[in-house]
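Participant: If you scroll down you'll find the structure; I have some questions about it.
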Amino acid sequence: MKQRKDLSDHYMKSKKQKIGDVVVFILLAIGAVAMIFPLIYMVATSFMTKNQILSGTLTLFPDPILIGKYREVLSKGQFISGIFNTVKVEIPVLLFGGFTSSLAAFAFAKMNFRGKNAFFMALLATIMIPFAVVMIPQYVLFTKLGWTNSLLPLIIPGCFGNVSMIFFLRQNLYSIPNELMDAAKLDGCGYFGTYFRVFLPLMKGALGTQLMLWFMGIWNDYLAPTIFLRSEKNWTLQVVIRSFNSYYAIQSDYALIMAASVIAMIPTLLLFFIFQRIIIESIAISGIK
């Protein structure tokens, strides 16, 4: 009797667990659809005519499907200029910023110096400061330096490193044995030689992941370029799309605005879908230590 009762209780618990799993799955599916639907509708709108968009009828499969707006966007010099300006920011920031961030992470993880932990905590605390707090002082500083008519306000600060990248790389370096540091010293390597020859190759996976995430952040950055870039010839991609929204929305040419947004979204989506496993694993490993 007792065994039969235990089996009955186990069956009831298993049944309740299955029902709970189904409910959770349904809720998550509804949330996923709600989050991805605007993205799908944006893509669909980029292929619609003006009459289809303004008709008020919700459709995800426009008939006819028009691709002319993509050709029109790519023929506009301002859009192409926005892409090139964004790339001009990306290259030096990722190269120099990635180098300085990895070097700082090595120092915090593997070197011993007075006040290391206090200095790192102070550096980490800057993440808590929102950009809205510092954007006016930065704007005043860059104006006095004469940088607001160039891309320098977006390039120079990034070349000194990224606090989030320093944190994640530091966590990754903690998983590498300290004995390698001692072995490099015995071979006659200084601190920089140890970093460059031993630890940099070992953390290239984590560094590549963080550089991809930083690339996405710079590519999608809107607020800082809007504040610092006065000249239209220096506008980055997101600022150009903002100007498209201001100009073409008056003409109800929403398909062109959506086409520009879809093109701007493609590089970051490709990067994420190609390297999503590496990105997720790197973040998970960094969060364990």
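The values are calculated or read from the model by the stated rules, or taken from the named source; none is laboratory data. The shown structure was predicted, so the numbers you read here are calculated from the model rather than taken from an experiment. Every residue, glycine among them, receives a Cβ derived from its backbone with ideal geometry; neighbour counts consider all protein chains shown.
Participant: Does any residue of region 160-167 turn out to be touching a residue at least 40 places away in the same chain (Cβ under 8 Å), assigned to a loop (DSSP other than H, G, I, E, B), under 25 Å from the mean Cα position of the chain (by Cα) and surrounded by fewer than 16 Cβ atoms within 10 Å (Cβ to Cβ)?
Facilitator: yes
Participant: Here are some residues: R230, R197. Which one is of a type outside the set (F, W, Y) and outside any helix (DSSP H, G or I)?
Facilitator: After ruling out the rest, the residue left standing is R230.
Participant: Right, something else. Within the group A107, A132, which residue is modelled with pLDDT under 90 and under 23 Å from W214 (Cα atoms)?
Facilitator: Working: A107 fails: modelled with pLDDT under 90.
Answer to the selection: A132.
Participant: Ok, one more. Which residues, counting only those in region 55-69, are under 18 Å from P38 (Cα atoms) and of a type in the set (V, I, T)?
Facilitator: T57, T59
Participant: Also: Just for region 148-159: of the residues that are in contact with a Lys or Arg (Cβ under 9 Å, 6 or more places away or on another chain) and not in a helix (DSSP H, G or I), which one is surrounded by the fewest Cβ atoms within 10 Å (Cβ to Cβ)?
Facilitator: It comes out as N149.
Participant: Part of a helix (DSSP H, G or I) and surrounded by 15 or more Cβ atoms within 10 Å (Cβ to Cβ): is that true of F84 in this structure?
Facilitator: Here the answer is no, as F84 does not meet what is asked.
Participant: Conditions: (1) assigned to a helix (DSSP H, G or I); (2) modelled with pLDDT under 85. I250 meets all but one. Number of the miss?
Facilitator: It is condition (1) that I250 fails.
Participant: What residue, of A259, A249, A224, A206, is in the same structural domain as L95 (by TED's automatic domain parsing), under 22 Å from I155 (Cα atoms) and touching a helix residue (DSSP H, G or I) at 6+ places or on another chain (Cβ under 8 Å)?
Facilitator: On inspection, the qualifying residue turns out to be A224.
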